[in-house]
Amino acid sequence: MIRLLPPSTTADGRRLLVTRALRGLGDGAVSVILPSYLIAIGFNPARIGAIVFGTLIGSAALTLWIGLVVNRLGRRRVLLGACILMCATGLGFALVTAFWPLFLIAVAGTLNPSAGDVSLFLPVEQAALAETVTARDFTAIFSRYSVAGALAGAIGALASGLPATIAARIHCAAAAADRSAFIAYAALALVAAAIYGPLTPAVEAAATAPGASALGASRSIVMRLSALFALDSFGGGLAIQSLLALWLFRRFNLSIQAAAIFFFFTGLLGALSQLISPWVAARFGRIKTMAYTHVPANLALMLAALMPNLQLTLVCLLIRSSMSSMDVPARQSYVMAIVAPEERAAAASVTSVPRSLAAAFAPLPAGALLDYSLFGWPLMLGGACKLVYDGLLLWQFSAVKPADERELDDRC
């Protein structure tokens, strides 16, 4: 039986799950609306790719800095500051339409064009979340964390069709209706700030000696993981949700209302797959869970690019969604379990930033390819990159197990 929450979860852990869901709701909506909105205000695919690049490259730079200094600033304080930035980002996208000012807002802000979490919230919340359960519940709590974001993201994606529907009924411009989603995104940031407010000192890192390195004994393994995660993320960035929606709009003339329904179901499948991830990881190990579930998902992504019609394409993408996110809780849990508690924030940041950087650069060639051809070249290349990652992950880390997995092996 799957428990709603691991038995050791504290009140802080429950708060972090709620805020993850709120952010997922906003991210799910804007990731689908973003390309439609940018098309409505006159941007071509190359410029849309540049905006997506800006959101990811800015998040990567800020995430790296935050991960290295968060233990000095305080995790609760950083999360509250991130909410202020999230609110300003939503208002900026709602009010600004010129390309270069909007690009600067994308770089400096928190907007997330993907179905996953690539913002500065991620390493801080992950490190804080690891303090809210015992070590044996890491994979379970990170599963709930990922599911909360994925389910809320699916609902947000479904809601992304509402502005266009309302616009059609009241005969207003689509761009004007889409702006309401960015205003709602800003409002969610204020609600999240109110929930972060009562977090206790238990989520903060233990005090370390002045001048101590953010990463010590775990530096080597974290760097190796970071390199592999970057390859995986580059592949994912080529088919990031905003660009995948753009491809479906252009290749099959899919409406934003239909896209909203479709991405709701992909998000729902992703959430359900993450819910069973702890069960799979407990039996096969985190690394095998990450790799073995990825391979068929990546093959399905590549097949989607080859399908001759919309129906078969969507079937392939739904198959991909049913498996492509199972690695997320296992990956987050693996990083938290393999390093010392005082190094978790830095490890989460250092493994997240290369992912964000790699995902940031991927939309540039993807946007150019979509501008050049309607064929799904980004999907083919993305799937191929991720298959290489799966093979390298198994080769390098199958034998590198956290303490809880080694103890389980000894008992067996």
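The values are calculated or read from the model by the stated rules, or taken from the named source; none is laboratory data. Because the structure is a prediction, the values reported are computed rather than measured. Using ideal geometry, Cβ is built from the backbone for each residue, glycine included, and neighbour counts are taken over all protein chains shown.
Quick notes
- Comparison of ILE39, ILE84, ILE66 shows that the only residue that is farther than 27 Å from ALA205 by Cβ and either in contact with a helix residue (DSSP H, G or I) (Cβ under 6 Å, 6 or more places away or on another chain) or aliphatic (A, V, I, L, M) (or both) is ILE39.
- The residue pairs whose first member lies in segment 33-60 and is among the hydrophobic types (A, V, I, L, M, F, W, C), whose second member is surrounded by fewer than 20 Cβ atoms within 10 Å (Cβ to Cβ), and whose beta carbons are closer than 6 Å, counting only pairs six or more residues apart or on different chains, are ALA40/ALA174; ALA40/ALA175; ILE41/THR97; ILE41/ALA175; ALA46/ALA368; ALA46/ASP371; PHE53/LEU364.
- Filter result for GLY149 (crowded, with 16+ Cβ neighbours inside 10 Å, touching a Gly at 6+ places or on another chain (Cβ under 6 Å), closer than 30 Å to GLU405 by Cβ and touching a residue at least 40 places away in the same chain (Cβ under 8 Å)): yes
- Qualifying residue in segment 326-346 (condition: within 15 Å of the chain's Cα centre (by Cα), among the aliphatic types (A, V, I, L, M) and in a loop (DSSP other than H, G, I, E, B)): yes
- Across segment 365-384, the qualifying residues are those that are within 21 Å of the chain's Cα centre (by Cα), surrounded by 22 or more Cβ atoms within 10 Å (Cβ to Cβ) and under 19 Å from PHE53 (Cβ atoms), and the one among them that is modelled with the lowest pLDDT is GLY367.
- Selection within segment 21-60 - aliphatic (A, V, I, L, M), over 16 Å from THR89 (Cα atoms) and either under 14 Å from the mean Cα position of the chain (by Cα) or part of a helix (DSSP H, G or I) (or both): ALA21, VAL32, ILE39, ALA40, ALA46, ILE48, ALA50
- Some residue of segment 322-340 being closer than 25 Å to ILE261 by Cβ and surrounded by fewer than 22 Cβ atoms within 10 Å (Cβ to Cβ): yes
- If you filter segment 1-34 down to residues that are crowded, with 24+ Cβ neighbours inside 10 Å and modelled with pLDDT under 85, you find that the one that is farthest from LEU162 (Cα to Cα) is SER31.
- Unmet requirement for ALA164, which otherwise passes all of (1) assigned to a helix (DSSP H, G or I); (2) aliphatic (A, V, I, L, M); (3) touching a Gly at 6+ places or on another chain (Cβ under 7 Å): (3)
- With respect to the stated conditions, LEU129 fails to be surrounded by fewer than 24 Cβ atoms within 10 Å (Cβ to Cβ) and more than 30 Å from GLY367 (Cβ to Cβ).
- Of the candidates ALA399, ALA362, ALA347, the single residue that is surrounded by fewer than 24 Cβ atoms within 10 Å (Cβ to Cβ), out of contact with any Lys or Arg (no Cβ under 8 Å at 6 or more places or on another chain) and of a type in the set (A, V, I, L, M, F, W, C) is ALA399.
- Only listed residue being under 18 Å from SER233 (Cβ atoms) and among the β-branched types (Val, Ile, Thr), chosen from THR134, THR63, THR89, THR139: THR63
- Residue match in segment 288-297 (condition: hydrophobic (A, V, I, L, M, F, W, C), touching a Pro at 6+ places or on another chain (Cβ under 8 Å) and in contact (Cβ under 8 Å) with a residue 12 or more places away in the chain): no
- Each residue in segment 276-325 was checked for being over 19 Å from TYR389 (Cα atoms), at pLDDT 90 or above and among the hydrophobic types (A, V, I, L, M, F, W, C), and 12 pass.
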